[in-house]
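Below is one structure, written out as structure tokens; comments come after it.
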Amino acid sequence: MKKTRPKEDYDPRNIILNLRVNKEEAEWIEQKFQNSGMKSKSDFIRMMIFQGQIIKVSDDFVRDFRRKYSSISNNINQIALRLNASGNIYAEDIADIKNGVSEIWQQLNYFRSVLLKVKPLPISPAQQRPKTED
């Protein structure tokens with residue numbers, strides 16, 4: 001037998017919010033909803049609103065990371081071309097790659113440490129509602 005909460009504990013969701021999205025955004029939302037495994041799209045959207053967080057990453061950080069990533073990628077491509085043409089690889093080449101990867105790894109570790117410091121949001125009103133049992 002399905003248990004329901006008493007009528008006096010029920011706070012109806014009777015306010016409708018409209019949101020306009022384009023076709024790609026709607027498909028993206030639908031895909032995320034399907035991947036969530038949730039049964040109700042309304043519950044999914046409420047959870048994303050109340051639990052989701054936006055983390056702003058500085059443009060300088062991203063630009064510097066892309067520059068370093070691009071630089072190491074170019075170095076690896078040049079070394080591969082030289083290796084294919086001459087059959088030779090030099091210790092300097094390996095050292096350059098290791099240094100570049102180390103710099104990228106340091107930036108990723110820094111970014112990870114920043115993300116780990118993000119505090120969870122307080123419980124939203126939607127999560128405080130009593131749930132019905134199946």
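The values are calculated or read from the model by the stated rules, or taken from the named source; none is laboratory data. Note that the coordinates shown come from a computational prediction; the quantities given were computed from them, not determined experimentally. So basically every Cβ, Gly included, is an ideal-geometry build from the backbone, and we count neighbours across all protein chains shown.
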Scan of the range 37-79 for residues that are more than 17 Å from residue 108 (Cβ to Cβ), under 19 Å from the mean Cα position of the chain (by Cα) and loosely packed, with under 10 Cβ neighbours inside 10 Å, ordered by number: 37, 52, 53, 54, 56, 59
Test: residue in the range 105-117 that is over 20 Å from the mean Cα position of the chain (by Cα), assigned to a helix (DSSP H, G or I) and at negative phi: no
From 5, 20, residue being in a loop (DSSP other than H, G, I, E, B), at pLDDT 85 or above and more than 18 Å from the chain's Cα centre (by Cα): 20
